[in-house]
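Right, one structure below, let's go through it.
The values are calculated or read from the model by the stated rules, or taken from the named source; none is laboratory data. Since this is a predicted model, take the numbers as computed values, not measurements. When we count neighbours, we look across all protein chains shown, and the Cβ atoms used for this are built from the backbone with ideal geometry, even at glycine.
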2 protein chains.
Amino acid sequence: SVNPDLASERQTASFSVEKLTALLDGGAEQTRIRRAVVEAIESDPVFSRENQYFQTQNERYEAAVRKAVHLQKKMHEMGWTENGPEYKYIYRALSGDVAFLLHRVFMRSISVLGSDKQVAKWIPLATQHKLIGSYAQTELGHGTYLQGLETTAVFDTATQEFILNTPKISAMKWWPGDMGRSATHTVVFAQLYIHGKCYGIHPFIVQIRSLQDHSLCPGITAGDIGPKMNFEHIDNGYLLLKNVRVPRENMLSKFCEVRPDGTYVRQGSQKINYFTMTTVRISLISDEVLTPLMKACTIAIRYSVVRRQSKLKPGEQEAKILDYQTQQEKLLPQLAAAYAFHFINDYLQELFNRGYREIQKKNFDMLPELHALSSGFKAVITQHCTAGVEICLRACGGHGYSLLSGLPSLYTKILASCIYEGENTILLLQTARFLIKCFMAASAGQPVPPSVTYLAAVKHGKCPAKNKLDFLSPDIYTEAYQHVAVRLTSSTAAKLQDLIQSGVKKHDAWNQCTVQLVQAAKAHCHYIAVKNFAETVEKLETKAGIQKIMKHLCDLFALHGIFSNTGAFLHDGYTSAAQMDMVTASYLDLLAVIRKDAVPLVDAFDFTDQSLNSALGSYDGQVYQRLYEWAQKSPTNQMSPAYERYLKPLLHNTLSKL
Amino acid sequence: SVNPDLASERQTASFSVEKLTALLDGGAEQTRIRRAVVEAIESDPVFSRENQYFQTQNERYEAAVRKAVHLQKKMHEMGWTENGPEYKYIYRALSGDVAFLLHRVFMRSISVLGSDKQVAKWIPLATQHKLIGSYAQTELGHGTYLQGLETTAVFDTATQEFILNTPKISAMKWWPGDMGRSATHTVVFAQLYIHGKCYGIHPFIVQIRSLQDHSLCPGITAGDIGPKMNFEHIDNGYLLLKNVRVPRENMLSKFCEVRPDGTYVRQGSQKINYFTMTTVRISLISDEVLTPLMKACTIAIRYSVVRRQSKLKPGEQEAKILDYQTQQEKLLPQLAAAYAFHFINDYLQELFNRGYREIQKKNFDMLPELHALSSGFKAVITQHCTAGVEICLRACGGHGYSLLSGLPSLYTKILASCIYEGENTILLLQTARFLIKCFMAASAGQPVPPSVTYLAAVKHGKCPAKNKLDFLSPDIYTEAYQHVAVRLTSSTAAKLQDLIQSGVKKHDAWNQCTVQLVQAAKAHCHYIAVKNFAETVEKLETKAGIQKIMKHLCDLFALHGIFSNTGAFLHDGYTSAAQMDMVTASYLDLLAVIRKDAVPLVDAFDFTDQSLNSALGSYDGQVYQRLYEWAQKSPTNQMSPAYERYLKPLLHNTLSKL
């Protein structure tokens, strides 16, 4: 039975939850397929996550391998294929709790970087799991700066082999997933040396464990890097190479080849490879970043209408905590952001598909823009969603701090997304470099890519809003965001030029501007996110009920951004203090409006109880019952392991005889 | 041997680290005592934390009990007493990783709330550990709002007993530490009923486990609430009472007594009790909040001078990451905040000692101010330090995400401080209520407590700074902070009055202002913290070397606050856009100045390697070696537990035969 405090929230929905779900999925047919996948996975006990919060790192790892192996059977049974419509829903249905993800990266790197012959040899072996692959790039001493990798691969013309070595401890491979305990093979990135000359980083296929008994191969030292904040299910590993020889054919050679005599030949374009990196950044947004935020919102908002604490009016029943303005101000902007980023993700996916088509026609013009957008949005979205999940966790007070709420695991996992696939600050500076370049070009009247044409049109006007309702006009707030992005880019460009003109060396000048460059990059992405949300809402005119609530969320997303960062808008007087008070008033009004639809808005994300895995967030809202039942199953609910040895002697009073 | 990249940082210190350590400790003699305690604890293998990151919740709990029991012996051996000068350093030396903290709360509540007779009976038993106590206040359904607790205690005149019950699941006690598995007794807070009339919440001593065999007493259901984000070493518990009878003498009766005939008598003043709550909030700041931030700064800053990544100048060696402006901007403000909060903690301690002396003279005048300050600073400091630890973690990239860095555990533990002992938003609203009240009083010409007299002196001037150096003047920035605090308080007070005058009910009006009230409370605390730091620096004039670097940190703390919240200062034009650009310039300049002394500034915190328990933060900076050696000891470095069952069949190709 559904908790009446939760049930009543659903009765007053201003829109059809089912229709909104279909919109988020990209159509009712997609919703149907997704639900079928979820149903098939969740009804299979092998995929259960029920004991996850009680398991050790070893148990989590073993379960992830079990699931990965079972998934092969399941796909066969269900007739799901890697190219079928179900495939993209499987990972989400498993909540990512599965091994061998790096096996896929191993395969992709061979497909992208390998010669036709290499692809023909290795891909079938990998597809049939006759080996388990990994991807060994990062080293103890090197993550961001790939040119600095220290592992070496020296070509030996006599034997036609590469000799791989880890010359010092900082060169040890560190972090590769699936490598600590599972992988038999890996792609090692190493500095290629031929006849004493260094040719830079190249990828080599290296076998690290026996296919017979899984023992480490000669010259290999490998193992697990130990406990992490999350990802207990993944065996992130280390790898030390000592005179490990691999045949000449094991250097992936689509773009670079070493001939038998040691001649080095570079061929083809590596630009497609560069494009691969950018697509990975976009592809992780949906499953690794948006889903956790949507789950956290679902948990925190459902809990906040079931939890009653203190009184809003004297003499009345205790109030639902979502009725407190401060609680609304914590949660509802996160909900709005989840929608905003869902739509910007659609926009980026579409842009990248277009980019991919152009690249296949050998047109690489879109690459710089795609790189800037993927870098910037990866950073902005991971940052924002990580902060959002943390806010949801805290907003649930003590119960949010229990692992059984599901929120701690969502947080500790999403946090990693700020670091992997490009550390966020580094990525934002990539975006900033593009912005500065385009701003200079635009100022000089040269053409620039579509997403930054606005930089050319610097307007020195003022915000035209006359009252608080004007701030519910997308034109008004989008323009304000644009103004800030232009101002931050142009003022930082000016500072950079001033420094250089005053004699500061170029790299020093750049370093002295980086704090402000990061701000400019964020403002650029924020502007595009707001603009895209507003445009998305406009296109929903045929879906009247949904359009209205989406418009409210768009307004909230935009006004929350202004309210949280008023200085950027006030700085040059574009927005006046009086206008900022209007923003505040409209923003706070919106909270009360959206609060009414808060539960239907999270219901539309359509998470099952199993996928939320949360005592606070279940569909029926029976929070306390569930916490109690679940806690009783904890392995800590046995006789105290400390009793016989410590408590009994203590209580029986040995100490007082000291 | 010390990593040369770290050693070189120490050679250029602008001040004596040893003298700064003594200043932080409150004198060289205190430093000596502290080090002696740390040395005694760390040289004892029973207190080792070496395997902590590899342990399960059960193992952590058992170790904490072992340490608690052993600590009794140790204190006896060393001649340390609860009133001795060493006592306050023990907990810090153990990094809080010890059981029976609630036993102390059990004792304190009896001392404060019990009659002389009760104190005489229970305190010796507890002191000699003939029982283990806990403190059962929070329920599944009630944390913040104590009046809403649902556990009942009905007085039975026939037997002279109280009958305790948990009437429904939300009334179950939930969270009490030491209660899940260790405690034999607890203080239960319950609604007192006599002859059918409710007299509100009262405390009762209840035995929950046998002193003979530790089995649960009749009518008691109790256990552990399961896994949490941290605090694995504590057995937070649940407790269900079914017709549990305790004698009349078990109601703590210093302030309220139930006579044999059921007459209820209230006696004495409960104000001292109210004072106890506020002191707990202050007392936790040092060990639970400042220490973790100081540790995180130590780890992240030492790592940032050892980690080299990418090139600042082309052709040169890779740069220390602390030489990047963005890295400085992440870490150095956290360092400044650690110092700022250390000094405000001194200020609060002194104020509370003064308050305590007054209260002992039956003068309760200071109570409202102390309550407002303790609530506000508990919230502001826990919030700021939690965010700071997270920034340190992220600033260490991938290695920060490893548990072996020590940073994840610091983060997941400090996060709880935002929730316990008063949820932060609730506390800030307590402070805000005091501010509004005092602002109204001051506006009406009535006297107000010292910390808020500034609210009366509303000035409508402008910031007088003429160039960026002016912003290194404490008068200039302190005044700016004061201006913002007054503006936010007065404008929210005005909004509140307007709403009420326009017919909105008082409680609704209050709720509609809470987001802004929270801002006002934060601004008030921030102002006091800045002012106090500036005053502290001024008093250091006899310590010239130290004064200079402390002045830089004070400036950084103040300017970082403005830079991060420019809107508050720009809003009414107190600070102009041109002045804000000066703030930015001075702020960024300061980063480069303080960067030079960053390592000596964290060295002064004087943490041992054992207490940091971090592969990244050790004094010698041998980061990579330590990560590798430590990881090899992880229990995940055994043969894959999944091999025989899953990997072998997979690799030996059963699947491809499907």
*Among B:484, B:504, which is out of contact with any Leu (no Cβ under 8 Å at 6 or more places or on another chain), assigned to a loop (DSSP other than H, G, I, E, B) and within 13 Å of another protein chain (Cβ to nearest Cβ)?*
B:504
*Can you tell me which residues in region B:49-73 are more than 11 Å from chain A (Cβ to nearest Cβ) and crowded, with 16+ Cβ neighbours inside 10 Å?*
B:49
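State whether one or more residues within region A:443-466 are in a helix (DSSP H, G or I) and touching a Lys or Arg at 6+ places or on another chain (Cβ under 7 Å).
Scanning region A:443-466 turns up no residue that is in a helix (DSSP H, G or I) and touching a Lys or Arg at 6+ places or on another chain (Cβ under 7 Å).
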*asked:* So, in region B:243-271, exactly how many residues are in a helix (DSSP H, G or I) and of a type in the set (Gly, Ala, Ser)?
replied: 0
*With respect to residue A:272, is the statement that it is surrounded by fewer than 24 Cβ atoms within 10 Å (Cβ to Cβ), away from chain B (no Cβ under 14 Å), at pLDDT below 95 and over 22 Å from residue B:394 (Cα atoms) true?*
yes
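Consider region B:545-594. How many of its residues are within 14 Å of another protein chain (Cβ to nearest Cβ) and closer than 17 Å to residue B:388 by Cα? Write out each step before concluding.
Here is the first cut: in region B:545-594, the ones within 14 Å of another protein chain (Cβ to nearest Cβ) are B:556, B:559-593.
If we keep only those that are closer than 17 Å to residue B:388 by Cα too, we end up with B:556, B:559-565, B:591.
Residues flagged as within 14 Å of another protein chain (Cβ to nearest Cβ) and closer than 17 Å to residue B:388 by Cα within region B:545-594 amount to 9.
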*When only residues in region B:411-440 that are aliphatic (A, V, I, L, M) and closer than 15 Å to residue A:408 by Cβ count, which is farthest from the other protein chains (Cβ to nearest Cβ)?*
B:414
*Determine which member of the set B:376, B:397 is within 14 Å of chain A (Cβ to nearest Cβ) and of a type in the set (Gly, Ala, Ser).*
B:397
*Quickly run through region B:540-572 and pick out the residues that are over 25 Å from the mean Cα position of the chain (by Cα), at pLDDT 95 or above and charged (D, E, K, R).*
B:548, B:551
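Counting only residues that are more than 22 Å from residue A:532 (Cβ to Cβ) and touching a residue at least 24 places away in the same chain (Cβ under 8 Å), which one in region A:444-477 is surrounded by the most Cβ atoms within 10 Å (Cβ to Cβ)?
Of all residues in region A:444-477, those more than 22 Å from residue A:532 (Cβ to Cβ) come to A:444-447, A:460-462, A:464, A:466-469.
Applying the additional criterion that residues be touching a residue at least 24 places away in the same chain (Cβ under 8 Å) yields A:461-462, A:467-469.
Numbers: A:461: 8, A:462: 13, A:467: 11, A:468: 18, A:469: 13.
Per the stated criteria, the residue is A:468.
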_First in region B:207-221 and on the phi > 0 side of the Ramachandran plot, second anywhere and surrounded by 13 or more Cβ atoms within 10 Å (Cβ to Cβ) and assigned to a loop (DSSP other than H, G, I, E, B), Cβ under 8 Å, 6 or more apart_ = B:214/A:640; B:214/B:184
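Using the structure shown, decide if residue B:636 is within 13 Å of another protein chain (Cβ to nearest Cβ) and not in a helix (DSSP H, G or I). Show your work before the answer.
Numbers: within 13 Å of another protein chain (Cβ to nearest Cβ): yes; not in a helix (DSSP H, G or I): yes.
Yes.
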_Quick check on my filter: what residues within region A:179-200 are within 14 Å of chain B (Cβ to nearest Cβ), touching a residue at least 60 places away in the same chain (Cβ under 8 Å) and among the polar types (S, T, N, Q)?_
A:182
*asked:* Restricting to region B:301-317, count the residues that are under 18 Å from residue A:171 (Cα atoms) and either assigned to a strand (DSSP E or B) or more than 38 Å from the chain's Cα centre (by Cα) (or both).
replied: 3
*Under the condition of being within 14 Å of chain A (Cβ to nearest Cβ) and polar (S, T, N, Q), which residue from region B:111-133 is nearest to residue B:273 (Cα to Cα)?*
B:127
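Please specify each residue of region B:553-610 satisfying the condition of being assigned to a loop (DSSP other than H, G, I, E, B) and polar (S, T, N, Q).
As a first pass, look at region B:553-610 and keep what is assigned to a loop (DSSP other than H, G, I, E, B): B:564-565, B:571-576, B:596-597, B:604-608.
Correct list: B:564, B:565, B:575, B:576, B:608.
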*asked:* Among the residues of region A:159-178, are any within 13 Å of chain B (Cβ to nearest Cβ), of a type outside the set (S, T, N, Q), more than 16 Å from residue B:627 (Cβ to Cβ) and touching a Leu at 6+ places or on another chain (Cβ under 9 Å)?
replied: yes
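Looking at the structure I just gave you, is residue B:514 among the hydroxyl-bearing types (Ser, Thr, Tyr), within 12 Å of chain A (Cβ to nearest Cβ) and not in a loop (DSSP other than H, G, I, E, B)? Write out each step before concluding.
Working: among the hydroxyl-bearing types (Ser, Thr, Tyr): yes; within 12 Å of chain A (Cβ to nearest Cβ): yes; not in a loop (DSSP other than H, G, I, E, B): yes.
Criteria met by residue B:514.
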*asked:* Taking the criterion of being within 30 Å of residue A:25 (Cβ to Cβ), of a type in the set (A, V, I, L, M), part of a helix (DSSP H, G or I) and without any contact (Cβ under 8 Å) to a residue 60 or more places away in the chain, would at least one residue in region A:116-134 satisfy it?
replied: no
*Matching residues, region A:166-181, being farther than 20 Å from residue B:402 by Cα and either crowded, with 19+ Cβ neighbours inside 10 Å or acidic (Asp, Glu) (or both)*: A:166
*asked:* I'd like to check something: does region A:272-283 contain any residue that is of a type in the set (A, V, I, L, M, F, W, C) and assigned to a loop (DSSP other than H, G, I, E, B)?
replied: no
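Please work out if residue B:1 is at pLDDT below 95 and either under 30 Å from residue A:59 (Cα atoms) or surrounded by fewer than 14 Cβ atoms within 10 Å (Cβ to Cβ) (or both). Outline the logic, then answer.
Values: at pLDDT below 95: yes; either under 30 Å from residue A:59 (Cα atoms) or surrounded by fewer than 14 Cβ atoms within 10 Å (Cβ to Cβ) (or both): yes.
Judged against the criteria, residue B:1 is a match.
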*List the number of the failed condition for residue A:575; all other conditions in (1) surrounded by 23 or more Cβ atoms within 10 Å (Cβ to Cβ); (2) touching a Pro at 6+ places or on another chain (Cβ under 6 Å) hold.*
(2)
*Picking from B:469, B:496, which residue would you name as being at pLDDT 95 or above, of a type in the set (A, V, I, L, M, F, W, C) and more than 30 Å from residue A:592 (Cα to Cα)?*
B:469
*Quickly run through region A:26-48 and pick out the residues that are among the charged types (D, E, K, R) and surrounded by 18 or more Cβ atoms within 10 Å (Cβ to Cβ).*
A:34
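In contact with a Ser or Thr (Cβ under 9 Å, 6 or more places away or on another chain) and hydroxyl-bearing (Ser, Thr, Tyr): does that describe residue A:278?
Working: in contact with a Ser or Thr (Cβ under 9 Å, 6 or more places away or on another chain): yes; hydroxyl-bearing (Ser, Thr, Tyr): yes.
Yes, satisfied.
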*Name the residues in region A:566-581 that are farther than 14 Å from residue B:487 by Cβ, touching a residue at least 12 places away in the same chain (Cβ under 8 Å) and of a type outside the set (Phe, Trp, Tyr), would you?*
A:568, A:571, A:572, A:573, A:575, A:576, A:579
*Residues in region A:417-434: is at least one out of contact with any Gly (no Cβ under 9 Å at 6 or more places or on another chain), touching a residue at least 40 places away in the same chain (Cβ under 8 Å), hydroxyl-bearing (Ser, Thr, Tyr) and part of a helix (DSSP H, G or I)?*
yes
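Among the strands (runs of 3 or more DSSP E) confined wholly to region A:137-220, which include 2 or more residues that are of a type outside the set (S, T, N, Q) and more than 21 Å from residue A:122 (Cβ to Cβ)?
The qualifying strands (runs of 3 or more DSSP E) are A:152-156, A:185-194, A:197-207.
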*Out of all the residues in region A:607-633, which are of a type in the set (Asp, Glu), away from every other protein chain (no Cβ under 13 Å) and within 17 Å of residue A:49 (Cα to Cα)?*
A:609
